[in-house]
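Below you'll find the structure, written out as structure tokens, and then a few comments.
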Amino acid sequence: MTLKIEGVVFDLDATLVNLGGFVDWKKAHRMAEEVYLSCGCPEEMVRQFGKRGLFNMLNLMRDENALTMTGPEVERTQRRVYEVIEICEVEGIGKCHLMPGCTTALEWLNAHRIRMGVATSNSQRVAEQILLSKGVERFFCAVVGRRPSLRMKPHSDQILRCFEEMGVRRDMGVVVGDSLQDVQAAKLAGISVIAVPSFFTDRDSLLESVVEMIINDLSELPEILSNLDPRLR
């Protein structure tokens, strides 16, 4: 397979940085459920969806609320939930660090004038602050975090919006992420994807997916992209 690569969209947590290990996700989950309940969402539904994990719950609640709420009401509810989760994510900004090979890959992509973006289920503000604090914000022309108007991975909304904001056609781009959700979102959008498994990754599910390539860390990305697009050699 060969591609003409003009853009790369990265996941954030466990792909570019190791944020998740420094966030109290149990607290974030509990706070999110409390907000949904305070907004009048049925307790049985909130508890049932909550068993599927925090980010699955966010997607499921959004879809279910859309059946009984207006669009603005759905977004307003999601915004309130996202704000309380962000409180927990902020605590990890100063503690997280770049993943192995990250700087090497970003500098190589920049040298080859390939546009870069981030599509993440993490807070928009937290994502931007992390990139700034780690000194890599200059590499990215688009950051798409949790937005009430967009469905999160494994839906393709965020990835498609990121390519749009980057000004890159999806058929000239690649997605790089650590999780099955990243792979599924990219595939729904019809975009090639490279997986870089991390300590959070369900490797068995990833191996069973239709991911094009799996690398050990981001330092291997330049060689992989050069093989996909001979112009980069």
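The values are calculated or read from the model by the stated rules, or taken from the named source; none is laboratory data. If you're wondering where the values come from, they're calculated on a predicted model, not measured in any experiment. Methodologically, a virtual Cβ is constructed for each residue, glycine included, from the backbone with ideal geometry; neighbour enumeration extends over all protein chains shown.
Structural remarks
- Restricted to strands (runs of 3 or more DSSP E) entirely inside the stretch 142-205, no element has at least 1 residues that are in the same structural domain as VAL81 (by TED's automatic domain parsing), free of Cβ contacts under 8 Å to residues at least 60 places away in the same chain and crowded, with 24+ Cβ neighbours inside 10 Å.
Here is a yes/no grid of residues against (1) in contact with a Leu (Cβ under 7 Å, 6 or more places away or on another chain); (2) under 24 Å from THR2 (Cα atoms):
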residue: ARG125; (1), (2): no, no
residue: GLN129; (1), (2): no, no
residue: MET152; (1), (2): yes, no
residue: VAL175; (1), (2): no, yes
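- Residues (over 18 Å from the mean Cα position of the chain (by Cα) and not hydrophobic (A, V, I, L, M, F, W, C)) located in the stretch 71-97: GLY71, PRO72, GLU73, GLU75, ARG76, THR77, ARG80, GLU91, GLY94, LYS95
- Given (1) out of contact with any Cys (no Cβ under 6 Å at 6 or more places or on another chain); (2) under 22 Å from LEU180 (Cβ atoms), index of the condition VAL9 fails: (1)
- From the options LEU37, LEU58, residue that is closer than 25 Å to ALA195 by Cβ, aliphatic (A, V, I, L, M) and not assigned by TED's automatic domain parsing to the domain that holds GLU137: LEU58
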